[in-house]
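Presented below is the structure to which this report refers.
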Amino acid sequence: MSEGILFVLSGPSGVGKGTVLDRLFETYNGINYSVSMTTREPRQGEVEGEDYFFVSEEEFKEIMDRNGFLETARVHGNYYGTPRSYVEKTLAKGEDIILEIDIQGANQVRDIFPEAVFIFLKPPSLEALSRRLDKRGTESRKSREIRLENAKAEMAEADKFDHVVLNDKLDKAVLKLKAIIERERKEEII
C-alpha cells in the first residue's frame with residue numbers, strides 16, 4: 001500500500017479557506033481534514049475538535065516541547081499548530097489528508113514534506129479580502145488592519161505553491177480544488 005497524499009491549502013486570513021473546504025466536504029469523500037490546534041478563543045459557532053482543538057498557551061508549548069506538531073506558527077498573537085501524529089498515521093494508512101493552514105505553516109510543512117501538494121487560495125483583490133473580513137464580523141478594527149497588512153506580504157508567496165485557486169466564486173473555487181486533488185491522485189498512480 002502506498003502512502004497517502006498530503007495536500008496543503010493556504011492563503012491570506014479571510015480568503016475563505018474554511019468555507020471552500022466546508023463546501024468541498026459536502027460533496028466529496030476520500031480525503032481527511034486535519035484539525036489544527038490553537039490558543040485563540042473560539043469564534044461563535046466553532047466546535048471543539050471539529051474546527052480546532054482549543055488549548056491554553058501553556059498546553060500548546062508543552063506539546064511543542066515534545067515535538068508534537070508538524071508545524072506551528074504565532075499569528076495575530078495566537079499559536080496555531082498541526083498535530084504531527086494524526087497526519088503521519090493517516091498518510092501511513094494510504095489515506096489522503098488536507099491541511100488548512102496559514103502561509104507560515106505551509107512554509108514549515110514544505111521543509112518537512114516537500115512532496116506535498118501546495119495550493120494557494122487567492123482573493124480576487126485586497127479590497128475584496130477587506131470586505132470579507134468586514135462581513136465575517138469577527139475581527140476588531142486593529143486585528144483587521146493587521147490581517148490586511150499581513151495579507152499583502154502573503155500574496156507575494158503565491159508563486160511558491162504548486163497550484164493557485166482564485167476564490168472569486170465559491171462553487172468555481174471548490175470545483176478547481178476538487179480537480180487538483182483528482183489530478184494529483186491520478187499522477188500518483190501512474
Could you list all residues from segment 144-190 that are in contact (Cβ under 8 Å) with a residue 40 or more places away in the chain, in contact with a helix residue (DSSP H, G or I) (Cβ under 9 Å, 6 or more places away or on another chain), surrounded by 14 or more Cβ atoms within 10 Å (Cβ to Cβ) and part of a helix (DSSP H, G or I)? R147, N150, A151, E154, M155, A173, V174, L177, K178, I181
Which number in (1) modelled with pLDDT of 90 or more; (2) more than 27 Å from V174 (Cβ to Cβ); (3) of a type in the set (A, V, I, L, M, F, W, C) marks the one condition that I119 misses? (2)
Output the number of residues of segment 51-98 satisfying the condition of being small (G, A, S) and touching an Asp or Glu at 6+ places or on another chain (Cβ under 9 Å). 5
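Of the residues in segment 45-60, how many are out of contact with any Pro (no Cβ under 8 Å at 6 or more places or on another chain) and closer than 24 Å to A173 by Cβ?
Selection size over segment 45-60: 4.
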Tell me, yes or no, whether segment 123-136 has at least one residue that is farther than 22 Å from N167 by Cα, surrounded by fewer than 17 Cβ atoms within 10 Å (Cβ to Cβ) and out of contact with any helix residue (DSSP H, G or I) (no Cβ under 9 Å at 6 or more places or on another chain). no
Any chance F60 is touching a Lys or Arg at 6+ places or on another chain (Cβ under 9 Å) and more than 20 Å from T19 (Cα to Cα): no
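The values are calculated or read from the model by the stated rules, or taken from the named source; none is laboratory data. This structure is a prediction, so every number in the text was calculated from the model and none was measured. Glycine gets a Cβ as well: all are built from the backbone with ideal geometry, and neighbour counts include every protein chain shown.
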